[in-house]
Protein chains: 2
Amino acid sequence: LPSNAAAAQLPLVLLLIFGTAKLLAELCERIGQPGIVGEIVAGVLLGPSVLNWVQPNDVLTVLSELGVMFLLFRVGMEVRASELLGVGRTALIVALAGVALPFFAGWLIMAIVGVSRTEAIFVGAAMVATSVGITAQFLGAKGLLQERASKTILAAAVIDDVLGLLVLAVVTNVAEGQVNVIGLLTTAVVACLFTVGIAKFGSRALKHVVPKIEQRLSEREARFNLAIIALFALSLLAVYIGIAAIVGAFLAGLAFSESVDRRVKDLTHGVAEVFVPFFLAGIGLELRLSDFSEGRILLLSAVITAAALITKLIGCGIGSLHFGRSDALRVGIGMMPRGEVGMVVAQIGLSLGVIEKPVYGVIVFMAVATTVLAPPFLSLAFRGCKQKAAEEEFSLA
Amino acid sequence: LPSNAAAAQLPLVLLLIFGTAKLLAELCERIGQPGIVGEIVAGVLLGPSVLNWVQPNDVLTVLSELGVMFLLFRVGMEVRASELLGVGRTALIVALAGVALPFFAGWLIMAIVGVSRTEAIFVGAAMVATSVGITAQFLGAKGLLQERASKTILAAAVIDDVLGLLVLAVVTNVAEGQVNVIGLLTTAVVACLFTVGIAKFGSRALKHVVPKIEQRLSEREARFNLAIIALFALSLLAVYIGIAAIVGAFLAGLAFSESVDRRVKDLTHGVAEVFVPFFLAGIGLELRLSDFSEGRILLLSAVITAAALITKLIGCGIGSLHFGRSDALRVGIGMMPRGEVGMVVAQIGLSLGVIEKPVYGVIVFMAVATTVLAPPFLSLAFRGCKQKAAEEEFSLA
């Protein structure tokens, strides 16, 4: 029959990635590790590193973006904006220290290695931003979102994302040879106003407005549809302002957190449940183990990864030390994963021609390794924390 | 900031299509028309016909395929296989008559117009297959899936889909100059065994197996994840066998219908709710009104559309006349929409070079027009039917 191969493409890739991710997640849970590790490893297994059955492509990118968008939307719904703002000062210090230390460590290491100044600062920039999706998924799945450390991580990760994008803008400007100070300042101010504005006033405003709009609508699932429109609109607005779409998704969730019911959360949860594996496996897919056949590159990757882990642990840990040592440890570990954010910086550097292919490989290694290593450490750090009844967060009802 | 435009692309298209679809659905409901019409019209409005803000592309195709896949999976869950098999004989007659009449009508009209024999039979083939997604979405949204006429439509539409793909295979063979009889017979037999086998034994087998597997799994939402894996696997298997992925999706839903709980249905519903608008608007997007500036083409489109509507009404209505006139009318109207299925046939004809661009336009017009016209007629035909309490199907809980 005609066009069989084309028609099979989508269900094949859906089955391969979703099935493998869930299988490895199950295996990880059995040996006492977080399932999220299995889902990332599924990408490594299916991708160019091992089996080479699936290559990164546009369709997978879309599925992965949908996954992380709905993931952060869902997490945003579970926390109160007021509580995030309550840990705001600590989160700001955590984010600032967690940006500065990795950046300088990356720069310094690469300067010692002897690459160009631009390449060195790009590596630093790639080590800056935390992949909030990874930690958020872990915390949500384990019912830990209501912990003080968890809220600090979420608030700090949002600030960190804004800072990370500013750092990226600066190093891109440097690479292009002209620093646009006014443009950078405008972006910074607008991004701050947008983030704080939505967090501070969004949920209060929607609590009054949403029920009124809903009453006037005759379509089914009107509240859910309004939430989804807000999700897409704020994601888009965030990109236009110059920050990541997922920050907009998180803010949309936050804004709706006081005006959604169980039903809207369940429907959102369904979408996240289907697409998050594509986000997680998508990170693993980017790794190409063959890039590390050279001993020198492997050593450099290990050094950069160690630096990425230690600098976040120290920077973010010190920033939250007044919460006590165990919370500081949780925050430090929670900020470790670099995931897709680090890789985006590396790809931009590659496309600008300022970083070389081997260094690109090093950054991808660092991004995947920090992402795979953080969840088991998080498991240990949160051990002894009273887990919230699962059904109140995203688990079985 | 770098790559702003690329990053904005996905949220922009998500917002445009989802937002417009839901807005027009709301407007349609207000004027007493089914919301589904508004969602299809949203595609016409945003697409090349009017605003030209969105063009069909690979990403939209994926979102649309996800939409119709989850739509039929959800519908499958709501019906019992035994009940479908109970109306099986009627459905078979409905499907056969509903395939034969439109095929010969299309062929005859085009023969009178004077196109080549191959082009004429391709138009006939494009008029054969019902887009079960459209009627299923209407029936599900209105809480009418438990009606006898609804079950007859679903069963007939599945058979119709198998027949339609066989007709397509035959005409493609004819176009390529060699009819592979053994290949066609094999496809027909395997497709029948697959469909009837899953419908007959699937849900009974899973009712015993699923709870046992679930007990052994430690991952959250294990039952939902098993259902999703079955959805992707059966969709893929259906394509390999030579029938449409959505038939596999429907059968997966059917197989799980007796072993899913409220939770699995809600999570599935969330995914369908987000992606179905992309399927519906995607149909409207394909239309190019500028193709109909020529009076002759417009007239031909109107004639073909009228023939497509009348032949399904008569063929399917007569096939189910022993259920009484009102049920026969419902079945006849329910089988009218050709949606994406007719367009796929047209695209294959275009790619094989056997149909000309104007005739392609005529088929797309017929596909969109039958799809937009059917839901209002369905509304009238099902008026007076006791609608099932909405929360028992896919509405607000």
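Could you tell me whether B:VAL59 is within 14 Å of chain A (Cβ to nearest Cβ), open to solvent by less than 20 Å² (accessible area, probe 1.4 Å) and modelled with pLDDT under 95? No, not satisfied.
Going by the structure shown, is B:LEU166 open to solvent by 10 Å² or more (accessible area, probe 1.4 Å) and hydrophobic (A, V, I, L, M, F, W, C)? Spelling it out, B:LEU166 is indeed open to solvent by 10 Å² or more (accessible area, probe 1.4 Å) and hydrophobic (A, V, I, L, M, F, W, C). For region A:57-67, the set of residues classified as more than 22 Å from A:ALA155 (Cα to Cα) and either in contact with a strand residue (DSSP E or B) (Cβ under 6 Å, 6 or more places away or on another chain) or acidic (Asp, Glu) (or both) consists of A:ASP58 only. So, in region A:226-255, of the ones that are more than 17 Å from the chain's Cα centre (by Cα) and open to solvent by less than 10 Å² (accessible area, probe 1.4 Å), which residue ends up nearest to the other protein chains (Cβ to nearest Cβ)? Checking each candidate, the answer is A:PHE232. Apart from one condition, A:LEU51 fits all of (1) outside any loop (DSSP other than H, G, I, E, B); (2) away from chain B (no Cβ under 13 Å); (3) free of Cβ contacts under 8 Å to residues at least 60 places away in the same chain; the exception is (1).
Under the condition of being touching a helix residue (DSSP H, G or I) at 6+ places or on another chain (Cβ under 7 Å), modelled with pLDDT under 85 and open to solvent by 10 Å² or more (accessible area, probe 1.4 Å), the residues counted in region B:353-397 number 2.
Selection of region A:263-273 for residues being more than 8 Å from chain B (Cβ to nearest Cβ) and over 18 Å from A:LEU154 (Cβ atoms) yields only A:VAL264. Just so you know, in region A:33-48 the residues that are small (Gly, Ala, Ser) and in contact (Cβ under 8 Å) with a residue 60 or more places away in the chain include one that is farthest from the other protein chains (Cβ to nearest Cβ), and it is A:GLY47.
Has region B:68-76 got at least one residue that is open to solvent by less than 20 Å² (accessible area, probe 1.4 Å), more than 28 Å from B:LEU154 (Cα to Cα) and in contact (Cβ under 8 Å) with a residue 60 or more places away in the chain? Show your work before the answer.
So in region B:68-76, the residues open to solvent by less than 20 Å² (accessible area, probe 1.4 Å) come out as B:68-76.
Filter once more, so that each one left must be more than 28 Å from B:LEU154 (Cα to Cα): none.
Within region B:68-76 (the criterion being open to solvent by less than 20 Å² (accessible area, probe 1.4 Å), more than 28 Å from B:LEU154 (Cα to Cα) and in contact (Cβ under 8 Å) with a residue 60 or more places away in the chain), the answer is no, since none of the residues qualifies.
The single condition among (1) farther than 30 Å from A:PHE382 by Cα; (2) open to solvent by less than 10 Å² (accessible area, probe 1.4 Å); (3) facing chain B (nearest Cβ under 9 Å) that A:ALA7 does not meet is (2). Residues that are touching a Ser or Thr at 6+ places or on another chain (Cβ under 9 Å), modelled with pLDDT of 90 or more and part of a loop (DSSP other than H, G, I, E, B) do occur in region A:76-98.
Note on region A:256-273: residues that are surrounded by fewer than 24 Cβ atoms within 10 Å (Cβ to Cβ), among the hydrophobic types (A, V, I, L, M, F, W, C) and part of a helix (DSSP H, G or I) total 1. Return yes when B:GLU39 is touching a Phe, Trp or Tyr at 6+ places or on another chain (Cβ under 9 Å) and part of a helix (DSSP H, G or I) and no when it is not. Criteria met by B:GLU39. Whenever a residue of region A:360-376 is farther than 11 Å from A:VAL41 by Cα and without any contact (Cβ under 8 Å) to a residue 40 or more places away in the chain, its partners that are in a helix (DSSP H, G or I) and open to solvent by 10 Å² or more (accessible area, probe 1.4 Å), lying with C-beta atoms within less than 7 angstrom and at least six residues away or across chains, give the pairs A:TYR360/A:LEU350. Could you please let me know if B:GLY315 is among the small types (Gly, Ala, Ser), crowded, with 21+ Cβ neighbours inside 10 Å, farther than 15 Å from B:SER150 by Cα and at pLDDT 90 or above? So B:GLY315 fits the description; yes. Cβ-Cβ distances below 9 Å connect the following pairs, each with a first residue in region A:132-143 that is on the phi > 0 side of the Ramachandran plot, a second residue that is part of a helix (DSSP H, G or I) and among the aliphatic types (A, V, I, L, M), and a separation of six or more residues or different chains: A:GLY143/A:ALA390. For region A:150-201, the tally of residues that are under 22 Å from the mean Cα position of the chain (by Cα) and of a type in the set (Phe, Trp, Tyr) stands at 1. Filter region A:160-182 for residues that are within 30 Å of A:THR90 (Cβ to Cβ) and of a type in the set (Asp, Glu); which is modelled with the lowest pLDDT? Across region A:160-182, the extreme among qualifying residues is A:ASP161. For beta carbons closer than 9 Å, sequence separation of 6+ or different chains, a first residue in region A:193-214 that is surrounded by 12 or more Cβ atoms within 10 Å (Cβ to Cβ) and a second that is acidic (Asp, Glu), the qualifying pairs are A:SER203/A:GLU258; A:ARG204/A:GLU258; A:LEU206/A:GLU258; A:LYS207/A:GLU258. Taking the criterion of being within 16 Å of A:GLY342 (Cβ to Cβ) and not in a helix (DSSP H, G or I), no residue of region A:290-308 qualifies. On inspection, B:ALA205 does not qualify as modelled with pLDDT under 95 and facing chain A (nearest Cβ under 9 Å).
Out of everything in region A:116-156 that is β-branched (Val, Ile, Thr) and assigned to a helix (DSSP H, G or I), what residue ends up being most open to solvent (accessible area, probe 1.4 Å)? Give the steps one after another, and end with the answer.
Applying the first criterion (β-branched (Val, Ile, Thr)) to region A:116-156 yields A:118, A:121, A:123, A:128, A:130, A:132, A:134-135, A:152-153.
Okay, now just the ones that are also assigned to a helix (DSSP H, G or I), so A:118, A:121, A:123, A:132, A:134-135, A:152-153.
On the way: A:THR118: 35, A:ILE121: 13, A:VAL123: 2, A:VAL132: 13, A:ILE134: 2, A:THR135: 2, A:THR152: 0, A:ILE153: 2 Å².
Residue satisfying both the conditions and the ranking: A:THR118.
Does region A:274-302 hold any residues that are of a type in the set (Phe, Trp, Tyr) and either open to solvent by less than 10 Å² (accessible area, probe 1.4 Å) or within 11 Å of chain B (Cβ to nearest Cβ) (or both), and which are they? If the condition is that a residue be of a type in the set (Phe, Trp, Tyr) and either open to solvent by less than 10 Å² (accessible area, probe 1.4 Å) or within 11 Å of chain B (Cβ to nearest Cβ) (or both), then A:PHE275, A:PHE278, A:PHE279 are the ones that fit.
The values are calculated or read from the model by the stated rules, or taken from the named source; none is laboratory data. Keep in mind the model is a prediction, meaning the values are calculated, not measured. Don't worry about glycine lacking a Cβ; one is built from the backbone with ideal geometry, like all the others, and counts go over all protein chains shown. Accessible surface areas use protein heavy atoms only, side chains included; no ligands, DNA or RNA. Shrake-Rupley method; radii C 1.70, N 1.55, O 1.52, S 1.80 Å.
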